[in-house]
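A short worksheet on the structure shown next.
The values are calculated or read from the model by the stated rules, or taken from the named source; none is laboratory data. Because the structure is predicted, anything quoted here is derived from the model rather than measured. Positions of Cβ are generated from backbone atoms using ideal geometry, with glycine treated the same way; all protein chains shown enter the neighbour counts.
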Amino acid sequence: MATAHIIPPEELHPVAEAYRRCTFALNLNPVPWELVRQDVESIEHWLRTADADAADRFDSDYLAVLGNDDGGEDSSVEAPSTRERKRRAVFELCTRAVGRALLTALEEAIRVAPDRELARNHLNLSQAVLAAFADTLPYVDPEAYRILGKAFLSASDAIGSDGLMNHGGVSFDVPRFRSNLQTVAAYIRANFGDDFAAGPDAWLSPRPLASPTHRVRAVAPRRLPPGANLNKQLPRPRQILNMAARGVDESQTPLIALGDMAFDSAFIFGEPARSLAMSCNTCHNKGVTNPNFVVPGLSSRPGGMDVSNNFFTGHANNGHFDPLDIPDLRGIRFTAPYGRNGRFSSLREFVRNVIVNEFNGPEPDPILLDGIIAYMNEFDFLPNPHLNADGTLAASASDAARRGEAIFRRPFPQMADRSCATCHVPSANFVDHQRHDLGTVNGHEPYSMDRAMDTPTLLSSAYTAPYFHDGSQPTLRSVNEWFNTTFGLGLTEHDLSDLTAYVRTVGDGIDAYEDSVYYLDAEMEEFSFFLSAFEFLAEKNKPELMNATFQTIALEIRNHKWELQDYAHLPTMDALAELMDEAYEANQLGDWDRVVGSVEAYRRLYAANMEDLK
Amino acid sequence: MKFKILWARPIAVCFVVCLVGLAGHSPAWGASAPDQATAEQLKIAFISYANPQQVIEDIKPVVAYLEGRLRVPVKGFVTLDYGSSVESMRNGHTDVAFVDPLAFMMAHEQIGAIPLLLEVYPEGKPTYHSNVWVRRDSGLTKAEDLAGKTMAFADPVDMSGYLLPRDIFERKSLIDGVDRPDGGFFSRVYFAGGDEQAMRAVFNGFVDAAGVSQYAYLLLRPEERDQVIPIAQSIESPSHLVMCRPGLSDDIQRKLTQSLARLDISREEDKKILDKLYGVRGFVEAKMSDFSSVAPIAARYGFIKHPATFMSDAGK
């Protein structure tokens, strides 16, 4: 199994993991208090193993902060002042608790020396707990972070060695071991001890305010919380681009190439998505739902996210938690309107909103938008041999599916004499281009009119679970059961099985996934496709779009190079990335000859090595 | 000496958590202790690279494969370090063990252990080397640049994490003797406790350089790896190996050697086995002379007394 491309989760001690996730959650608006509560419990659990009295105080202080509020059943209506007070207080409590747990581990390490094994264990535990602050300290207090790192290193060195088979042992330098850990303990006590208070920053982070070397204006880069997963599914979903499927030479479609590049580019987004290397493709892998995508606090379940949040774009936060299931983009040119609630009739407007308001990007160049739309308009549904051109079942469909089709087309009085097919029109790609309120959305108040959602297509849907706008239905069967229950359709178990067989048949397709988990060669070929837009961009005099292209290719190569099955070819991957760096730098300087030279060199180097880069 | 990851596999490794979790446990892990195994069983000591319970799970398909090929019951168990493996073999509780070259050479001298197979690493060779690693942005480009700088090694009893990288500086006459090279060429030397700790010390800027395995950079996260570069390379060392106790029947030795040497990474079913065997690409038969490059180094530091034993294949 090729897994080298997978970005592994950072291995953190549970208390460090809980603290980092909790801090992330406390910075969201609204605060996901249930997630916070879980992490608070984890911190409390670990603190109790270290210091039961401190854990008792932590418990009572936490309850006092929440008051009569059990964590906010409806945090979306929490008053800003209440939220601010609570989140700061909880953050301070958690920071002090982690500080206490760390100090206890350090004190234990000091106490158990010279027991080599126990001292090593407690030393390692101390370092693991310090990782709670390690996403911030290197940036806001690098001098102190280095001192702490050297102290741990020296302490580790002081432990010595048992040697191998009674040879080569090194004795335990206990005074040096203790002295180094006392240095660490003093820093923790001063900065993250019982007096710790959150600084004035709106974005809460463990700043060592008492440290003389603390850089007040320095800011740590924003990170996703532990538990976040941006890795894509493997094997990859099969992407069908209409023009490629027709055998068109990709070098002839520079606008589509530009769009493909942009779809894969973090550089069309702003911070923090850009630094997190996120692109359209992160959520819509090859244009298809990425069911793995999850960000604790922003997702209610894998495969979805609240895109109007204050993490990715503070200014466009709508202030309430409304996560959406990531839609499948296959056949998107047939499925207007766009957005789960159909708020955009134009795909172009929808894409611009994603770039600017969901992921904080700059206003996109019109040609860039043209490219993305041209690319997305090439996305096709999976071919389905069980469907006729008019959406009826072909002769190859099963008997169960045929019985299900009849149910699908049957008007139900409970649905105002409408059938499933009324909205999912078989002859029109199973959509009606309308929005309907089916009762799947909780409105802002009873009888509110904010609950209509866009009719999704059923084509290729067998591979896009979960379902509904919020991903609340895990299977096609559960969707049918929901309709049966909600509208009292009176369908029997047998009926539901038939209906599900029908929907699954409609949603099926040929070769939904690629047949290999090794795809570096395909990625490298795609990067060449990106670069095929170079001459077009030159003709249009778009140096900024060239830069985005160069940067995107360089970043993608560096991200993907660990997929190589033979690491002997890493230098070639590095050289290709460096040529894109060079093209970028030359373009910045206006050195056109060097830009062209770098692009040509890239093409030559890739052509000479393409067989090895897999 | 703790085992360190020579070749990073797609397995989540967290030394910190693992080591904390190991406190108080005996050095051997298995469904039952190795000394409870019957005499008819082939007892194989696997070294732990992660949570021992996970390793026990990982070795099950390996054990099943070997049982099928050898036609004898195979009992796999996990030890936490090479010393435990060798001790277990010395006490008759282990027939076969996965060890590093230093542990093998010592085991050969002390108990007559026999080398069977060398692991083959990603570049297709049954050898590896150590590097001197620095941060890419450090401006350091060669070993000589480290005069007056700080240096991290993995462990004082470690071939690739100390003896081999140290040898780089000795061959350049930058250091000499056998004592810890503190305060001379280097301003300060640290033994970080493992390859990963040493690499992280460089990555984080706690030291100027680290001397560890050529593959140690893979212990960093993918996005971190490009920030460290090698500036010097040691001599080649034979790879980690499979050794057996003296007296193990020639038939079992032959079958075991053939069974592992036949594994072909291009075959999916074999790859599954190799993935569980430390992620190596395969095995080749080992000879005593494979250790001729590192035996003098081991002898210099007193780990072995008779390096000449490893200069020819007469001893096998």
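Assorted remarks:
- Qualifying residue in the stretch A:247-254 (condition: buried (at least 21 other Cβ atoms within 10 Å of the Cβ) and part of a loop (DSSP other than H, G, I, E, B)): yes
- Those residues of the stretch A:530-546 which are surrounded by 19 or more Cβ atoms within 10 Å (Cβ to Cβ) and either of a type in the set (S, T, N, Q) or assigned to a helix (DSSP H, G or I) (or both), in sequence order: A:PHE530, A:LEU531, A:SER532, A:PHE534, A:LEU537, A:LEU545, A:MET546
- Considering the stretch B:247-316, the qualifying helices (runs of 4 or more DSSP H), each wholly inside and each with 1 or more residues that are in contact with a Gly (Cβ under 8 Å, 6 or more places away or on another chain) and at pLDDT below 95, run over B:268-276.
- Any hit, the stretch B:158-178, residues being surrounded by fewer than 24 Cβ atoms within 10 Å (Cβ to Cβ) and within 12 Å of another protein chain (Cβ to nearest Cβ): yes
- Only one of the listed residues (B:LEU140, B:LEU118) is in the same structural domain as B:GLY211 (by TED's automatic domain parsing) and either within 16 Å of B:GLN253 (Cα to Cα) or in contact with a Leu (Cβ under 7 Å, 6 or more places away or on another chain) (or both). That residue is B:LEU140.
- Out of A:ARG246, A:ARG236, sole residue that is more than 14 Å from chain B (Cβ to nearest Cβ), among the basic types (Lys, Arg) and over 25 Å from A:ARG274 (Cβ atoms): A:ARG246
- Test result for A:ASP498, surrounded by fewer than 23 Cβ atoms within 10 Å (Cβ to Cβ) and of a type in the set (D, E, K, R): no
- Look at the stretch B:84-112: where a residue is at positive phi and a partner is part of a helix (DSSP H, G or I) and surrounded by fewer than 21 Cβ atoms within 10 Å (Cβ to Cβ), sitting 6+ places away or on another chain with Cβ atoms under 9 Å, you get B:GLY92/B:ASP35.
- So B:ILE229, is it part of a strand (DSSP E or B) and within 14 Å of chain A (Cβ to nearest Cβ): yes
- Taken together, the residues in the stretch B:182-226 that are among the hydroxyl-bearing types (Ser, Thr, Tyr) and away from chain A (no Cβ under 11 Å) amount to 2.
- Some residue of the stretch A:211-220 being in contact with a Ser or Thr (Cβ under 8 Å, 6 or more places away or on another chain) and closer than 27 Å to A:LEU12 by Cβ: yes
- The helices (runs of 4 or more DSSP H) falling completely within the stretch B:51-140 that include 1 or more residues that are hydroxyl-bearing (Ser, Thr, Tyr) map to B:52-70, B:82-90.
- Enumeration of residues in the stretch A:121-159 that are small (Gly, Ala, Ser) and within 8 Å of chain B (Cβ to nearest Cβ): A:ALA128, A:GLY149, A:SER154, A:SER156
- A:LEU613 meets each of the listed conditions (1) surrounded by fewer than 21 Cβ atoms within 10 Å (Cβ to Cβ); (2) farther than 25 Å from A:ARG274 by Cβ apart from (1).
Every residue, every condition in (1) in contact (Cβ under 8 Å) with a residue 12 or more places away in the chain; (2) in a strand (DSSP E or B); (3) buried (at least 17 other Cβ atoms within 10 Å of the Cβ); (4) touching a Phe, Trp or Tyr at 6+ places or on another chain (Cβ under 7 Å), yes or no:
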residue: A:LEU459; (1), (2), (3), (4): yes, no, yes, yes
residue: A:ALA465; (1), (2), (3), (4): yes, no, yes, no
residue: A:GLY471; (1), (2), (3), (4): yes, no, yes, no
residue: A:GLU481; (1), (2), (3), (4): yes, no, yes, no
residue: A:ASN484; (1), (2), (3), (4): yes, no, yes, no
residue: A:LEU489; (1), (2), (3), (4): yes, no, yes, yes
residue: A:HIS494; (1), (2), (3), (4): no, no, no, no
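- All conditions in (1) at the interface with another protein chain (Cβ under 10 Å from one of its Cβ atoms); (2) more than 20 Å from B:LEU219 (Cα to Cα) hold for B:ASP155, with the sole exception of (2).
- Of the helices (runs of 4 or more DSSP H) contained entirely in the stretch A:110-211, those carrying at least 1 residues that are crowded, with 21+ Cβ neighbours inside 10 Å and under 29 Å from the mean Cα position of the chain (by Cα) fall at A:116-130, A:137-140, A:142-158.
- When A:LEU66, A:LEU103, A:LEU28 are checked against the criterion of being aliphatic (A, V, I, L, M), over 22 Å from A:MET305 (Cβ atoms) and touching a residue at least 60 places away in the same chain (Cβ under 8 Å), a single residue qualifies: A:LEU103.
- Matching residues, the stretch B:141-152, being away from chain A (no Cβ under 14 Å) and either touching a helix residue (DSSP H, G or I) at 6+ places or on another chain (Cβ under 6 Å) or part of a helix (DSSP H, G or I) (or both): B:ALA143, B:GLU144, B:ASP145, B:LEU146
Residues checked against (1) under 23 Å from B:VAL294 (Cβ atoms); (2) surrounded by 16 or more Cβ atoms within 10 Å (Cβ to Cβ):
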| site | (1), (2) |
| --- | --- |
| B:ALA216 | yes, yes |
| B:ASP226 | no, no |
| B:GLN233 | yes, no |
| B:GLU236 | yes, yes |
| B:HIS240 | yes, yes |
| B:PRO246 | yes, no |
| B:LEU256 | no, yes |
| B:LEU263 | no, yes |
| B:GLU269 | no, no |
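- Of all residues in the stretch A:141-180, those satisfying the criterion of being of a type in the set (Gly, Ala, Ser) and touching a Ser or Thr at 6+ places or on another chain (Cβ under 8 Å) are A:ALA144, A:ALA151, A:GLY160, A:GLY168, A:GLY169.
- Some residue of the stretch B:186-196 being outside the structural domain of B:PHE291 (by TED's automatic domain parsing), surrounded by fewer than 20 Cβ atoms within 10 Å (Cβ to Cβ) and in contact (Cβ under 8 Å) with a residue 12 or more places away in the chain: yes
- Note on the stretch A:417-450: among residues that are modelled with pLDDT of 95 or more and hydrophobic (A, V, I, L, M, F, W, C), the one that is surrounded by the most Cβ atoms within 10 Å (Cβ to Cβ) is A:PHE430.
- Among the residues of the stretch B:55-84, those that are at the interface with chain A (Cβ under 10 Å from one of its Cβ atoms) and either surrounded by 24 or more Cβ atoms within 10 Å (Cβ to Cβ) or touching an Asp or Glu at 6+ places or on another chain (Cβ under 8 Å) (or both) comprise B:TYR82, B:GLY83.
- Any hit, the stretch A:106-120, residues being away from every other protein chain (no Cβ under 13 Å) and small (Gly, Ala, Ser): yes
- Positions within the stretch B:272-310 being more than 14 Å from every other protein chain (Cβ to nearest Cβ), within 18 Å of B:LEU163 (Cβ to Cβ), among the hydrophobic types (A, V, I, L, M, F, W, C) and over 16 Å from the mean Cα position of the chain (by Cα), in sequence order: B:PHE310
- Qualifying residue in the stretch A:548-562 (condition: touching a Leu at 6+ places or on another chain (Cβ under 7 Å), under 22 Å from A:LYS232 (Cα atoms) and not in a helix (DSSP H, G or I)): no
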